[in-house]
Amino acid sequence: MAKVILEHVGKVYPGDVVAVSDASLEIEDREFVVLVGPSGCGKSTTLRMVAGLEEITTGAIYIDGKKVNDVPPKDRDIAMVFQNYALYPHMTVYKNMAFGLKLRRYPKAEIDQRVREAAEILGIQDLLDRKPKALSGGQRQRVAVGRAIVRKPKAFLFDEPLSNLDAKMRVQMRTEISKLHTRLASTMIYVTHDQVEAMTMGDRIVVMKDGVIQQVATPMELYNRPANQFVAGFIGSPPMNFFAGQIEAKPDGVFFQEGSFSVRVADEQAGVLAARTGRPVVFGIRPEDVADALYAPASPPGQRITARVEVVEPMGAEVCVYLHTGRHAFIARVGPQSTIEVNESLPLVLNIKKAHFFHPETGMTIV
């Protein structure tokens, strides 16, 4: 396996279209790193540059200590799993998995051993004589992964491999890929637009926007300490709520004033925010940190607000409540015991210690 390094990598298409800008990243040997972001953020382009399928405009890429800018894809010793599986329809599963090894002139006995080992790992040993048209989507995905495994490459690259599967199969396959990473102890780079996939699979996550890396961190570090408002809003489901307002200093503490409500900020944040008294900020709080006041534990003064209920979505183990303050729409994730009606005025308690504050112009985290 191998360490993968990107040094100030950029990709510019004709017409000065910047797909990736100054991307620097170190992926450790045997690490599982996920590139995540909205469509068009540059994550797939970055992966394709590592694979050699896209030429680099600026910077350098190293695989296992070797600079590979001018090395063709077939000589980079990586294996890529594509979104559309890219299986040969006229070949059996066995032949699909063996094809790359045959091109490299491996002995027949070794090819057979590698194919059958990979098929056993993936649980597709009974499908080796079938052709792709006789397989389900999940089975085809396993074959595509198996074709990569038999190569025993230095790194595995996955480009949104689960996007064509239904919701249940996506959950199952992301678990299988995570188990596969543990079993193979291999370097894996995985691209997805689904932040749930990123949070559940990656050792570290690379969040991208408009071709720029916004933050690189572990899943919980991204969740608890986002670098900016974009990361805070992208990581988490439902997304973080944001309220525009300003900071006010009063004799009894530092407050965030939204216009229709005012909440006292946590003591740990008050010192930093007091310096922004009278200036605008963006207040962020996650839906799970907004509770139905009727069932919330006793809270200190200054943490309660009231909002009008617009939509109620029972989810079984929880209820998502869509609310409006009169100035901002937001979401609360409350317990199933809450009996909430549309258009009622609902008292809520904010877990203010979990709040985040962002600069209204730059979007960077203040505290």
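The values are calculated or read from the model by the stated rules, or taken from the named source; none is laboratory data. For clarity, every value in this text was computed on a predicted model and none was experimentally measured. Because the Cβ atoms are built from the backbone with ideal geometry, glycine has one as well, and the counts that use them run over all protein chains shown. We work out accessible area using only protein heavy atoms, side chains counted, and drop any ligands, DNA or RNA first. Shrake-Rupley method; radii C 1.70, N 1.55, O 1.52, S 1.80 Å.
Key figures
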read-out: Whether the stretch 130-201 is rounded, prolate or oblate, judged on the alpha carbon gyration tensor where a/c under 1.5 counts as rounded; value: oblate
read-out: DSSP-defined antiparallel bridges as percent of all bridges, the chain, nearest 5; value: 75
read-out: Crossing angle, helix 108-122 versus the chain [Cα axis fit, 0-90 degrees, rounded to tens]; value: 20
read-out: Value of relative contact order over the stretch 113-219, rounded to a whole percent, pairs C-alpha under 8 Å and six or more apart; value: 19
read-out: The stretch 228-312: C-alpha pair distances exceeding 14 Å, %; value: 68
read-out: For the stretch 306-367, accessible area per residue (1.4 Å probe, heavy atoms of protein chains only), Å²; value: 53
read-out: Relative contact order (%) - criterion: Cα under 8 Å, at least six apart; region: the chain; value: 15
read-out: Accessible surface, 1.4 Å probe, highest first, among residues 140, 308, 174, 225; value: 225, 308, 140, 174
read-out: Accessible-area composition of the stretch 234-323, carbon plus sulfur, in percent [1.4 Å probe]; value: 57
read-out: Partners for residue 66 among lysines (Cα-Cα distance below 22 Å; same-chain residues under 8 apart left out); value: 3, 11, 74, 152, 154
read-out: Within straight-line cross-link reach of residue 131, lysines at Cα separation under 17 Å, skipping those fewer than 8 residues along the same chain; value: 95
read-out: Mean separation of Cα contacts under 8 Å (6+ apart) over length of the stretch 175-282, as relative contact order %; value: 16
read-out: GluC sites (Glu not before Pro) within the stretch 303-352: DSSP coil, no more than 16 neighbouring Cβ in 10 Å; value: 318, 341, 344
read-out: Using θ = phi - 60° and Karplus 6.51 cos²θ - 1.76 cosθ + 1.60, couplings along the stretch 131-145 (whole Hz; Gly, Pro as x); value: 9, x, 5, 9, 10, 6, x, x, 5, 4, 5, 5, 5, 4, 5
read-out: 0 to 90° range, to nearest 10: angle between helix 93-103 axis and the chain longest Cα axis; value: 70
read-out: Å² per residue, accessible surface of the stretch 46-136 at 1.4 Å; value: 57
read-out: Cβ charges +1 (Lys, Arg) and -1 (Asp, Glu), total dipole of the stretch 268-367, debye; value: 440
read-out: Full-stretch length increase - residue 178, residue 69 - with 0.36 nm per residue and alpha-carbon distance subtracted; value: 36.3 nm
read-out: Stretch gain in nm, segment residue 272-residue 340, where the contour uses 0.36 nm per residue and the Cα spacing is subtracted; value: 20.8 nm
read-out: Sites residue 359 and residue 13 - FRET efficiency at Förster radius 35 Å, r taken between beta-carbons, to 0.05; value: 0.65
read-out: Residue-normalised accessible area of the stretch 242-299, given per residue in Å² at a 1.4 Å probe; value: 44
read-out: Cut-off under 5 Å, modelled amide H: who pairs with residue 265 long-range; value: 254, 255, 256
read-out: Chymotrypsin sites (Phe, Trp or Tyr not before Pro) within the stretch 243-315: DSSP coil, no more than 15 neighbouring Cβ in 10 Å; value: 295
